[in-house]
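Take a look at the structure below.
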Amino acid sequence: MSTTSTSATQVLFDAPGPRGRRRILLISIVSSLAILALIALGLWQFQRNGQLAADKWLPYLRRDYIAFLGKGLMGTLEATAVAAVIAFPFGLVLALGRISRARALSAISAVWIEFFRGIPMLLVVYAFLLALPAYGVNLPRFWMLVVPMILVSSASTAEVFRAGIGAVDRGQDEASAAIGLSRGQTMRYVILPQAVRLVLPSLILALVSLLKDSTLGFVVSFNELQFQGKTMVSITRFLVQTYVVVSVIYIVLNFLLTKAAGLLERRMRRRAAEGGGRSR
Amino acid sequence: MIRFDHVGKTYPGGTTAVEDFSLTIDSHASVVLVGTSGSGKTTLMRMVNRMVDPTSGRVLIDDEDVAGVDPVKLRRSIGYVMQASGLLPHRTVAENVATVPLLEGVSRRRSRSRALALLEMVGLDHRLGDRYPSQLSGGQQQRVGVARALASDPNILLMDEPFGAVDPIVRAELQKELLRLQSELGKTILFVTHDIDEAFLIGEQVVILRPGGEIAQQGTPAEILADPADDFVESFVGSGVGKRALHVDEVSGQQVVLDAGDRPVGVLREGSRS
Ligand SMILES: Nc1ncnc2c1ncn2[C@@H]1O[C@H](COP(=O)(O)OP(=O)(O)OP(=O)(O)O)[C@@H](O)[C@H]1O
Ligand SMILES: [Mg+2]
């Protein structure tokens, strides 16, 4: 979580010596070969069953195929973005509630957070799909997916924010009090800006899990990427091909996000290192 | 004027940091509390701006009990410099200095130009204003801490071992700078240190504390050196030994001052003040 702990691991573990490096190289080669072999085996199986035939893959370059899956991709991105824009600030509010000095507020926030952190999201989706309509609450499909995403994600980001707030140097509290900031001002101008910076990489990773959560859209028949894929399979009968394409899209998206998080974290660590004499 | 009136502090854990302490600090005076670690210096200092509330007794500023003053308002009217400069790492130096003026509603432009002027005043190039604290040396950070404490032009300056974390050469520089500032500004300064040399340099009045915030002796540096109250004070100021135990010897008609090891440290001149 904190940048200091990551750089501490670099200090704690010795760089491997020549023998260690050779062993690492060997393991890398062997495992790469194993993975390649598995892929080859899969491809061979597909080949035997005629799944690699060009006429089963080329359609994915057709404009209507692209448009169909593109619509799903847009749905996925939209659900993820909307959920994040609401869930992250809400998560921050929950975190502030949990660390609040007001006992009741803190207890309610804690229960809320633990509840939605513990419950599988599928159950929350079912609640919105099946239970709530019985009480006359009927949401559009988009919100039947996005509201559960918000509930679950805000609970876990609340804990991310809480950890970030806890990771800010305690001396900052004291320094702020000494120059005459109130508790609220200290939180707003001193603790939160530093905490948010600390947790930025974790928030990007939370985007990855939101993206994956959005695949539950098939339960409520919302046109996100996986649901579009499913529909496409039932029309074209290209089961293997469709899911391979869909998977690749997810993997690329998540890879980019994870990469961005790593980049950000490295940049932060470098900045922390540059300021050798950090003000403490 | 700051007056400690029989103050005591027992922390929730049961530690009694200060038993019964009384002291009056005149306006524009600089008073140094000096004592070993844990003698209650920080505790006493923080009673002035209510970062610590005494469990007995009162602290009065200009005859007003601080217990009745809103802590946030009180702290904004008192400058506070701490050992680790306590600067905000995510704000530039100038923003750090201007934090409180900005909150008080002073315009951005005015508080910035005032911050830059304050930086110059504590001996920093105003171009450092756009750096982040981590891009400054420890000594520079401490100067920024002093500039920030002066930002709201307080009458009182509390300084808790402000130069404790920098090397001796920089410390000497900072001490000199503080003396210069004080001769210009004439604040009421309460300064805490456990370095007796620093205490004698900075303080017009020096208060030597025993554990529990008990006053072992108070007076001007000369008074304390001339007449240590007891063995504790004597050993604390080191007047029995080393570089403070000086004696005079006559060498070729001159009065030469020697230390305890008979090393010459200077020449005695009658009434030589300037
Ligand atoms: N917040 C606190 N809670 C409990 N005990 C405390 C607290 N602050 C200080 N103390 C205790 O009170 C005593 C005096 O502490 P204080 O910080 O005033 O000493 P000090 O003279 O400033 O020491 P130093 O030179 O090490 O800074 C110590 O025994 C310390 O452990
Ligand atoms: Mg102290």
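The values are calculated or read from the model by the stated rules, or taken from the named source; none is laboratory data. Please read these numbers as outputs of a predicted model, since none were measured by experiment. Note that we place each Cβ from the backbone using ideal geometry, even for glycine, and neighbour counts take in every protein chain shown. For the accessible areas, the whole protein counts, side chains as well, though only heavy atoms, and no ligand, DNA or RNA atoms are used. Shrake-Rupley method; radii C 1.70, N 1.55, O 1.52, S 1.80 Å.
One table, with the values for the structure above:
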read-out	value
Whole-percent carbon and sulfur share, accessible surface of chain B, 1.4 Å	49
Stretch in chain B that is longest and holds no GluC sites (Glu not before Pro) that DSSP places in a loop and that have at most 16 other beta carbons within 10 Å	B:1-103
A:TYR135, A:TYR189, reordered so the largest accessible area comes first (probe 1.4 Å)	A:TYR135, A:TYR189
Ellipsoid semi-axes in whole angstrom, largest first, where each is sqrt(5λ) of the Cα gyration tensor of chain B	34, 26, 16
Prolate/oblate/rounded label for the protein assembly as shown (Cα gyration tensor, a/c 1.5)	prolate
Solvent-accessible surface ranking, highest first, for A:VAL252, B:VAL256 at 1.4 angstrom	A:VAL252, B:VAL256
Equivalent ellipsoid dimensions for chain A as semi-axes, Å, which come from the Cα gyration tensor, largest first	41, 31, 15
B:TYR132 - accessible surface, heavy atoms, 1.4 Å probe, Å² rounded to 10	90
Part-to-part distance (alpha-carbon centres) for segment A:159-234 and segment B:169-183, which is given in Å	46
Using alpha-carbon coordinates, inclination of helix A:3-12 to the longest axis of chain A, degrees	80
In degrees, nearest ten, helix B:108-121 long axis to first principal axis of chain B (Cα)	10
In segment A:6-112, trypsin sites (Lys or Arg not before Pro) in a DSSP loop with at most 15 other beta-carbon atoms within 10 Å	A:ARG62, A:ARG101
24 Å tail of the calculated P(r), segment B:21-117, as % of Cα pairs	37
Partner chain coverage, peptide B:85-97 - average Cβ within 10 angstrom	4
Accessible area per residue, Å², chain B with all protein chains present, probe 1.4 Å	47
About the Cα centre, charge dipole magnitude for segment B:160-274 (Lys/Arg +1, Asp/Glu -1 at Cβ), debye	320
28 Å Cα-Cα reach of A:LYS212 towards lysines, excluding residues that sit fewer than 8 places from it in its own chain	A:LYS56, A:LYS71, A:LYS230, A:LYS259
With all protein chains modelled, accessible area of B:MET1 [1.4 Å, Å²]	60
Solvent-accessible surface ranking, highest first, for B:LEU44, A:LEU52, A:LEU263 at 1.4 angstrom	A:LEU263, A:LEU52, B:LEU44
Trypsin sites (Lys or Arg not before Pro) within segment A:162-256, DSSP loop, no more than 13 other Cβ atoms inside 10 Å	A:ARG170, A:ARG237
Under 27 Å from B:LYS9, Cα to Cα: lysines that are on another chain or at least 8 residues apart	B:LYS41, B:LYS73, B:LYS187
